[in-house]
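Asks: Can you read through this structure? Questions will come right after.
The values are calculated or read from the model by the stated rules, or taken from the named source; none is laboratory data. Please read all numbers here as calculations on a predicted model, not as lab measurements. Here the Cβ positions follow ideal geometry from the backbone for every residue, glycine too, while neighbour counts run over all protein chains shown. Side chains are part of the model used for accessible areas, which takes the heavy atoms of the whole protein and leaves out ligands, DNA and RNA. Shrake-Rupley method; radii C 1.70, N 1.55, O 1.52, S 1.80 Å.
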Amino acid sequence: MAFAEHEVLIGRDAMTVYQFVVDGLNNPRWRSGIRSISLRSGHPGEKGAVYQQTLAGPGGRPVAADFQITEARPGAEVRFAVVAGPARPTGGYYLSTEGPNTRLRFALEYRPKGLQKLMNSMIQKTMEEEVAQLEQLKSVIEEQAPEA
């Protein structure tokens, strides 16, 4: 099994952070490697919403990585499952309030099957790089003007 997590303290309230992460259409603003993303079904940022996503894979080849929101608790957590593509991790964003700030933790978990088990160290490294991009999300949110 591969598991990676990273957390940051963001200088914004939990609902501001939640509203940003729950809408998958914001992902290209802070995650590198996204070639395209669109809402395929459901309502943006709600449980059951499915986002069609294409990532830049090995050698720059496009890789499907569609995901579905499996849990959406305002101001507290957003969980998702990748439902298309060669790797189908699950993950989540977990929020907690610290004064006027929000601590945001991003976690990914993947259980490789078959021959993918031989690539576990590469999968682990990729997941660690993915969650580390939370630093960019922090910058993007904090650069936005706070809501009045």
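Asks: Stokes-Einstein diffusion coefficient for the range 1-79 at 20 °C in a medium of 1.002 mPa s, Rh from the Kirkwood formula over Cα pairs: what value in µm²/s? List each step's numbers first, then the result.
Replies: On the way: Rh = 13.7 Å.
Approximately 156 µm²/s, per Stokes-Einstein.
Asks: Still on this structure: How much accessible surface area, in Å² rounded to 10, belongs to the heavy atoms of M1 with a 1.4 Å probe?
Replies: Here the residue's solvent-accessible area equals roughly 110 Å².
Asks: Give the span of the range 37-148's Cα atoms along each principal axis, as three whole-Å numbers ordered largest to smallest.
Replies: The Cα atoms of the range 37-148 stretch 51, 30, 24 Å along their principal axes.
Asks: To the nearest 20 debye, what charge dipole does the range 7-93 have about its Cα centre, counting +1 at the Cβ of each Lys and Arg and -1 at the Cβ of each Asp and Glu? Could the numbers behind the result be given before it?
Replies: Values: 10 positive and 7 negative charges, 60 e Å.
For this selection, approximately 300 debye.
Asks: Can you tell me the order of 137-143, 51-57 when each peptide is scored by its average per-residue count of other Cβ atoms within 10 angstrom, highest first?
Replies: On the way: 137-143: 15.9, 51-57: 18.1.
Highest to lowest by the protection proxy: 51-57, 137-143.
Asks: Can you sort R61, R79 by solvent-accessible area, 1.4 Å probe, largest first?
Replies: Numbers: R61 145, R79 90 Å².
Largest accessible area first, the residues go R61, R79.
Asks: Taking the dipole about the Cα centre of the chain, with the C-beta of Lys and Arg at +1 and of Asp and Glu at -1, give me whichever of N26, N101, V140 is farthest to the positive side.
Replies: Highest projection toward the positive end goes to N26.
Asks: Shifting gears a bit: Once the whole set of protein chains is in place, how much accessible area is left on F80, using a 1.4 Å probe, in Å² to the nearest 10?
Replies: Its accessible surface works out to 30 Å², give or take rounding.
Asks: Please state the relative contact order of the chain as a whole percent: Cα pairs under 8 Å, 6+ residues apart? Could you put the intermediate results ahead of the total?
Replies: On the way: 316 pairs, mean separation 45.4, N = 148.
Here the relative contact order equals 31 percent.
Asks: Taking the Cα centre as origin and putting +1 on Lys and Arg beta-carbons and -1 on Asp and Glu beta-carbons, what dipole magnitude results for the chain, to the nearest 20 debye?
Replies: On the way: 17 positive and 17 negative charges, 141 e Å.
Dipole magnitude for the chain comes out near 680 debye.
Asks: If you don't mind, there's one more thing I want to ask. About its Cα centre, how strong a charge dipole does the range 38-87 have in debye, to the nearest 20, once Lys and Arg get +1 and Asp and Glu get -1 at the Cβ?
Replies: Values: 5 positive and 4 negative charges, 16 e Å.
Its charge dipole is roughly 80 debye.
Asks: Whole-Hz Karplus ³J(HN,Hα) for the range 69-81, in order, using 6.51 cos²θ - 1.76 cosθ + 1.60 and θ = phi - 60°, x for Gly and Pro?
Replies: 6, 9, 7, 9, 10, x, x, 10, 7, 9, 10, 8, 9
Asks: Further, regarding this structure: Below 14 Å, Cα to Cα, which aspartates and glutamates can K47 reach? Residues fewer than 8 away in the same chain don't count.
Replies: Within the straight-line cut-off, K47 pairs with D23, E71, E77.
Asks: Then there is this: Under 5 Å between amide hydrogens, which residues at least 5 positions from G57 or on another chain qualify, with H placed 1.01 Å from N in the peptide plane?
Replies: Answer set, sorted by chain and number: V63.
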